[in-house]
């Protein structure tokens, strides 16, 4: 069987693509790696910035996305893509045990993941005070004390954003200067409720059910201290789930698949949507928008080629 489109990934981008594809009466299959739809949002305790559903739990939102796709009759299969042939009019995607699916187009919506500190307490308290998205979760820490870890543009922008909401913001950076641009660094340093902890790393995020404090070590002096915080925002980079595609589809230096707002890649009939593609803002609403744009582009491609 040859499908109109294979969608790889079942996060917000992939599920929205499936919804739009079914509404366009395209014959599709959606491949999900974990056998569980939702992508990164299933690990989000509460989502407060998705239009119309303020305060919804991330797992509940993922269920709504999946139920919508199921209602329209989208076909899901579970497994991991380990090979493919994307050139030519008919694309071939190979799964575990040699299972192959063929389609006239492919949407890569494999998402990405924030880099972790891999420090003690981080995984345990993820979603319970440990966050990787200040704009997603910052509002829950209004008038509280938080820490931001990182020294790049994202970390500094996160700290500035949080300083508007929070009583106190610690910025923890393992070097003695920021990598961020001087313009935003100057803005950060001018804020009275921000304290910079240079040459420092977090060794332990303390708390039973929620974050209570952090153990910090100065890597130059070996001095250790404990600071009470109610939130830890980690901004030390983001990694796209694109390893298997990088030898075929054009990516940038960080591994993101190069694709514009229409989600077209350098290979005709292959599209990239959501956090895996090059873009400025990576949030649920922009991933969903990508899914819609990708299928619109798929329709145009199919009409021109077939």
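The listed residues are 147, 180, 155, 190, and the only one of them that is more than 24 Å from residue 54 (Cβ to Cβ), out of contact with any strand residue (DSSP E or B) (no Cβ under 9 Å at 6 or more places or on another chain) and crowded, with 19+ Cβ neighbours inside 10 Å turns out to be 180.
For (1) outside any loop (DSSP other than H, G, I, E, B); (2) under 16 Å from the mean Cα position of the chain (by Cα), each residue gets a yes or a no:
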residue: 216; (1), (2): yes, no
residue: 233; (1), (2): yes, yes
residue: 247; (1), (2): no, no
residue: 290; (1), (2): yes, yes
residue: 293; (1), (2): yes, no
residue: 296; (1), (2): yes, no
residue: 302; (1), (2): yes, no
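Annotation: residue 246 fulfils all but one of (1) at pLDDT 95 or above; (2) farther than 22 Å from residue 133 by Cβ; the unmet one is (1).
Filtering the range 54-65 for residues that are in the same structural domain as residue 284 (by TED's automatic domain parsing), on the phi > 0 side of the Ramachandran plot and at pLDDT below 95 leaves a non-empty set. Among the residues of the range 90-110, not one is part of a strand (DSSP E or B) and out of contact with any strand residue (DSSP E or B) (no Cβ under 6 Å at 6 or more places or on another chain). Within the range 16-46, the set of residues being outside any loop (DSSP other than H, G, I, E, B) and either over 25 Å from residue 134 (Cβ atoms) or outside the structural domain of residue 68 (by TED's automatic domain parsing) (or both) comprises 17, 18, 19, 20, 21, 22, 23, 28, 29, 30, 31, 32.
Residue 135 satisfies every condition listed in (1) in the same structural domain as residue 251 (by TED's automatic domain parsing); (2) in a helix (DSSP H, G or I); (3) within 22 Å of residue 283 (Cβ to Cβ) except (1).
Residues in the range 52-89 that are touching a residue at least 60 places away in the same chain (Cβ under 8 Å), in contact with a helix residue (DSSP H, G or I) (Cβ under 7 Å, 6 or more places away or on another chain) and assigned to a loop (DSSP other than H, G, I, E, B): 3 in all.
Within the bounds of the range 214-230, is there any residue that is in contact with a helix residue (DSSP H, G or I) (Cβ under 8 Å, 6 or more places away or on another chain) and more than 30 Å from residue 22 (Cα to Cα)? Looking through the range 214-230, at least one residue is in contact with a helix residue (DSSP H, G or I) (Cβ under 8 Å, 6 or more places away or on another chain) and more than 30 Å from residue 22 (Cα to Cα).
The values are calculated or read from the model by the stated rules, or taken from the named source; none is laboratory data. These numbers were taken from a predicted model, which means no experiment stands behind them. Neighbour counts are summed over all protein chains in view; Cβ atoms, including those assigned to glycine, are modelled from backbone coordinates with ideal geometry.
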